[in-house]
1. For residue 256 and residue 382, calculate 0.36 nm times their separation in residues minus their Cα-Cα distance, and state this gained length in nm to one decimal.
2. Give a quick list of GluC sites (Glu not before Pro) in the range 41-109 that DSSP marks as loop, anything other than H, G, I, E or B, with at most 11 other Cβ atoms within 10 Å.
3. Take the Cα coordinates of the range 43-349, assign each an equal point scatterer, and use the Debye formula without solvent to give log10 I(q)/I(0) at q = 0.07, 0.11, 0.14, 0.15 Å⁻¹.
4. Net charge near residue 125: determine it from the other residues with C-beta under 13 Å of the C-beta of residue 125, scoring Lys and Arg +1 and Asp and Glu -1.
5. Say R0 is 25 Å: what FRET efficiency, to the nearest 0.05, do residue 287 and residue 93 get from their beta-carbon distance?
6. If Lys and Arg each add +1 and Asp and Glu each add -1, what is the summed charge of the other residues whose beta carbon sits under 11 Å from the beta carbon of residue 294?
7. Expressed as cubic angstrom per residue, what is the convex hull volume of the alpha carbon set of the range 227-314?
8. Can you give me the distance in nm between label points at residue 231 and residue 315, each placed 7 Å from the Cα along the Cα-to-Cβ direction?
Amino acid sequence: MQLRRGPPEVGRSQTPAPQLRVVKATSPTTYERRGWARLKPFNRYSIRIVAGLLLVSIPLSIALGFLMSTWSSQTSINQSKARAEATAEGAAVRILDWVEERKAEARHIARDYTGEVSKPDLSASLRESMATHTAFESLQIVDRNGNVVAVSRPGVVLSATPTGAPFATSLSVETFGPVQIGQAGDAINWIMTVPILGADEQPQGVVIADLNVAVLGKLLNPYGLDAATNEQEVHVVNAQHLLLYSSTWGKVDDETAEIAKGALQMKAEGAIFEQAMSIGPGASQIVDYRNRNVLAGYEPIPSLGWVVIASIETAAALAPVHEQEFKTSMLQALSTVLLIVFAIVLAVFTARPIVALSRAAESVEAGDLSARVDLKGGAEVRRLGDTFNAMVERLSGVLSRLRGEVTESAAKLSAAAEQHGGGRTHLCGNRGFRRPCRHPGRRGADQPRARSNRPARVWRSNAGPCRSRQ
């Protein structure tokens with residue numbers, strides 16, 4: 001390398017060149033809103049993962065639980081209605097069968113007394129037959145003129161015209177009257193008549209039978225013959241919309257007790273009666289005569305003018321659903337806790353490579369080029385770690401090569417300056433940069449003044465006064 005002197009510096013400005021300084025780059029100023037400053041601890045990638053999972057899964061779980069609860073409730077209500085309707089239908093069938101059996105039994109009694117209406121001591125024979133006809137409370141026989149010729153219970157008078165039709169109707173056809181409270185108000189009459197016909201099919205008299213209303217207790221209660229329950233109930237409503245009998249009463253043998261319980265006195269579900277008679281059987285959710293919210297099924301009996309209503313309280317019907325809802329809520333709470341734990345674990349394992357890479361990048365930014373990462377995870381994460389390590393390795397190599405080149409260039413410049421300046425150089429304020437100094441008076445004390453017409457060349461810096469070095 002050769003150093004050549006340039007042209008004379010006559011007329012050049014003597015203003016010193018500006019000093020070079022290494023200034024550290026300032027970090028960019030970030031501005032945050034005051035409202036978000038309070039949420040800074042939550043501004044993390046892991047917390048965002050947890051929040052994202054919970055914001056999606058918890059509302060979805062609640063919505064699914066609500067839909068399942070609604071579906072279960074509706075299914076339970078429909079099943080309870082169908083069961084109540086089937087119960088009412090079964091009770092109506094049992095009542096009709098029982099009534100038909102009593103009609104056949106009354107016909108058999110009428111045939112037994114064919115040709116014997118005018119015989120004496122007919123009452124004694126009739127009382128003896130009561131032992132085999134327990135479904136009747138009392139029996140009477142009247143002749144074709146309407147005169148009572150035999151009774152099974154003395155003092156009890158039964159009407160031969162229970163439907164209100166003329167007596168001639170009772171002599172020709174069977175009649176079946178409504179259930180009514182007797183004239184004395186202490187008995188319930190349910191009367192049917194059967195004509196006594198001779199061999200020539202001519203009427204000889206009429207058999208009058210008073211049915212036992214208490215039998216309805218066994219016919220209506222499908223949950224146990226003598227067991228009463230308040231949650232599930234079956235009752236009968238007559239054409240006057242009055243309560244005839246209820247299964248909650250059990251089997252009541254005393255008609256006075258039946259009247260005291262409200263038989264033929266308490267108003268029942270008139271709207272359900274009219275709907276059943278006009279449309280037919282069905283089920284609905286109603287408020288019954290006890291002012292209870294029930295799921296009721298109803299079945300009409302047109303031949304008797306009755307409607308059988310079977311009901312179950314709504315709370316009792318939905319009790320299994322409520323229990324299932326409680327269990328479902330507990331399971332949802334447990335699943336939510338497990339989901340939170342899973343989300344936290346997933347967030348930790350997901351954010352761990354990012355945190356490690358961030359710390360390594362901070363070390364490299366601070367000047368530590370030996371920082372490396374060993375990321376675990378998916379293929380993308382491992383590839384990112386390898387790329388980062390390769391980048392830092394390449395950067396370290398570039399800086400090492402640059403340092404070597406700078407050092408080598410500085411050594412060559414120093415050697416060339418020493419050869420040109422007679423072995424004396426001046427170190428300037430700038431590091432590693434030397435140029436001829438034009439201040440001869442600032443040379444070392446041991447250096448003799450040059451006798452040449454040209455000023456001696458020394459090296460100085462841009463920073464001002466120089467120091468000489470051998």
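Read-outs: derived from the displayed coordinates by stated rules, not from any lab. Not measured: the values here are computed from a predicted model. Backbone-built Cβ (ideal geometry, glycine too); neighbour counts: all protein chains shown.
1. Values: separation 126, 0.36 × 126 = 45.36 nm, distance 9.31 nm.
Going from the current span to full extension adds 36.0 nm.
2. Listed in order of number, the matching sites amount to none.
3. Here log10 of I(q) over I(0) equals -0.43, -0.76, -1.02, -1.11.
4. On the way: positive: 119, 127; negative: 112, 116, 121, 128.
Taking every other residue near residue 125 into account, the sum is -2.
5. Numbers: r = 27 Å, r/R0 = 1.07.
Once rounded, the FRET efficiency stands at 0.40.
6. On the way: positive: 81, 290, 292; negative: 231, 233, 269, 288, 313.
Combined, the nearby Lys, Arg, Asp and Glu give -2.
7. Working: hull volume 7.7 nm³, N = 88.
For the range 227-314, the hull spanned by Cα atoms encloses 88 Å³ per residue.
8. Result: 1.1 nm between the two label points.
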